[in-house]
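The values are calculated or read from the model by the stated rules, or taken from the named source; none is laboratory data. Predicted, not measured: the structure shown is a model, and the values here were computed from it. Cβ atoms come from the backbone with ideal geometry, glycine included; neighbour counts cover every protein chain shown.
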Amino acid sequence: MANRVVFVDRDGTIAQDVHYCRRVEDFELLTTVPQAIRLLNENGFKVVVITNQSGVARGYFTEETLEQIHQKMKHELAKHNAWVDAIYYCPHHPDDGCDCRKPKTALFLKAAKELDIDLTRSYVVGDMQMDIEAGRALGCKTILVSNDHQSLAPNSLAPDHVADNLLMAAERIISDLRVTITIIVPTLNEERNLAYVLPKIPPGIGEILLVDGHSTDNTIAVAKKLSPGMRVAYQDGKGKGNAINCGAKAATGDYFLVLDADGSQDPEEIPLYIKKAEEGYDLVKGSRYLPGARTEDETLSRKILIKTAQAVANKLWRTKFSDICYGMLLVNRGKYLDLHVRASTFDIEWELMAKAARKGLRIAEVPAVEKKRIHEESHLSCWRDGWRIAKAVFREALNGLLERPK
């Protein structure tokens, strides 16, 4: 997956704005800059400096001196365990008409190519209108670092946000990563299992939405006692697919996570899925077959069925999924609804993964632990459910051919 980047201006944003800083000793980082850049480093952003340095063309300093200044900047940041991933500068005079002087975007585009950057998920931060103009042209989010000497000209492009300094800008960027979660728990007569599931959901992680298939036992009462703040929705029919579609429509979070009520999945793993969502993935799927994963509830016949179906699916769909059938997943709600997933039973995972891959969603698989069901054996039937899986695999292969551009 392409990288998220924060493009940062130098003078007035990272360092004191010295008029044509021409000596190494004149270069000085602003106070909270190391903390700001370390925060971005720790949260998975690359940090790239883009700076206009027309002092080279004017003869005020050489490119060798500029390199020494940047080495000092890197050294000072390293003292605080912070770093920039790349530095790009324009040495030209404003009258030269080059394509690399901000607000033009040649340096940004060069960085995007060399560092595999997703511009739509990146930010431009600077203290000048030219930084905002460049960011807007690139499709990045923009943050203006406000200084006493800086104000936007009338009719200028407005930034997405304004911050007092780079640290405030970094904190704003990190806050944008936070996603809201709805945990969907499909149920049908699960009163004995819920005590092993609901109390283990990490507190404060998001809303809990129980989607019930018209249970005839005390599932609802038990659930409300265990999680008093949870909501309940009732699906029209039965089956996991119907429950997920019902829950996706009723959820309020940016993402929803599907958690089975039979105790086979570990709610304590939920933060791992959320972390991947905050890294920019649209769909996060658990896998029992990645390093660090394990399963306590898999018969040989079940494993052969799943492995065979996955091999065929990956071949036909041109994908490389390691575990399509595992049921714990986190998905961007809006993008899920746009996929129009129709399956009514557990084969919904197969349809979802095929459609998500075709639509180019960012997909991650994470190692998962499948525990033995608490009060029941798996209801998977090699003949009945193998046929359902086979239909889903070949149906989505055909749909992929029909959707392929002529």
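Conditions tested, residue by residue: (1) closer than 21 Å to Lys110 by Cβ; (2) in a helix (DSSP H, G or I).
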| site | (1), (2) |
| --- | --- |
| Asn41 | no, yes |
| Leu66 | yes, yes |
| Glu76 | no, yes |
| Val84 | yes, no |
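Per the conditions (1) touching a strand residue (DSSP E or B) at 6+ places or on another chain (Cβ under 6 Å); (2) free of Cβ contacts under 8 Å to residues at least 40 places away in the same chain; (3) surrounded by fewer than 22 Cβ atoms within 10 Å (Cβ to Cβ), the sole criterion not satisfied by Leu144 is (3). Looking across the range 181-199 at every residue that is surrounded by 15 or more Cβ atoms within 10 Å (Cβ to Cβ) and closer than 19 Å to Ile274 by Cα, the one that is nearest to the chain's Cα centre (by Cα) is identified as Ile181. Considering Tyr336, Tyr326, the condition of being at pLDDT below 95 and aromatic (Phe, Trp, Tyr) is satisfied by Tyr326 alone.
Give the residues of the range 8-39 that are of a type in the set (A, V, I, L, M) and in a strand (DSSP E or B), sorted by residue number. Talk me through it step by step, then tell me what you get.
Filtering the range 8-39 down to residues of a type in the set (A, V, I, L, M) leaves 8, 14-15, 18, 24, 29-30, 33, 36-37, 39.
Of everything in the range 8-39, those that are of a type in the set (A, V, I, L, M) and in a strand (DSSP E or B) turn out to be Val8, Ala15, Leu29.
Within this structure, Lys320 passes the test of being assigned to a loop (DSSP other than H, G, I, E, B) and at pLDDT 90 or above.
Sub-8 Å Cβ pairs linking a first residue in the range 223-251 that is closer than 19 Å to Ala343 by Cβ to a second residue that is in a helix (DSSP H, G or I) and among the hydroxyl-bearing types (Ser, Thr, Tyr), at least 6 apart or interchain, are Ala248/Tyr336, ordered by first then second residue. Consider the range 92-133 and keep the residues that are over 28 Å from the mean Cα position of the chain (by Cα) and crowded, with 20+ Cβ neighbours inside 10 Å. The one that is farthest from Ser146 (Cα to Cα) is Arg101.
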